[in-house]
Amino acid sequence: MAAPARRLVRPTLFICDLQEKFRSAIHEFPKVVSTTQKLLKASQILDIPVFATTQLRGKLGETCPELGLDAEGGIKTKAHVDKEGHKVYVIADAVSSCNPQEVPIALARLRAEGAIVTTSESFMYECMGDAGIAEFKGIAGTVKEWNQATKENLSALCSKM
């Protein structure tokens, strides 16, 4: 029997422009931060590298200590990543905008361009691929720990999709 293996090879968590200056402007910003915190914990467990960008750092400040975001900016980033030959997963419960009505449109466009739009929990399980891997217990614990927050975040950020 083959040893358990991860489904995704060399995944990377990319967090786009989650900066303090956006806190009051972005719809349900704390929910985006919460989902991002969960993904960061899963990234530690699964040893997934994390990259974060900032927009106009001098004017908008540093990335939030919690970290993730920006539906409109993600479209440009997705096109660049495609050129490099990577598959893009967009975590719907970690995406928002100052205009919440734009999010379903942006996600639909990303999906039409080939991105896989999914949830944080589904992405975590997909990264694992097999319950037999050593990190399964850590991910299952993270899912359990974040259960209530996940429900709230999905309800706030994904209910209109």
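Computed from the coordinates by the stated procedures, all read-outs in this text should not be read as laboratory data. Remember, it's a predicted structure, so these values are computed and weren't measured experimentally. Ideal geometry is used to build each Cβ from the backbone, glycine not excepted, and the neighbour counts take in all protein chains shown.
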Counting other beta carbons within 10 Å of each residue's own, what order do Cys127, Cys98 fall into, fewest first?
Cys98, Cys127
On a 24 Å Cα-Cα criterion, which of the cross-link pairs Lys38/Lys160; Lys31/Lys144; Lys41/Lys87; Lys38/Lys59; Lys41/Lys144 come out too long?
Lys38/Lys59
At 7 Å along Cα-to-Cβ for each site, give me the label-to-label distance between Leu60 and Lys21 in nm.
0.7 nm
Once the other residues with Cβ under 12 Å from the Cβ of Ala156 are scored (Lys, Arg +1; Asp, Glu -1), what is the net sum?
0
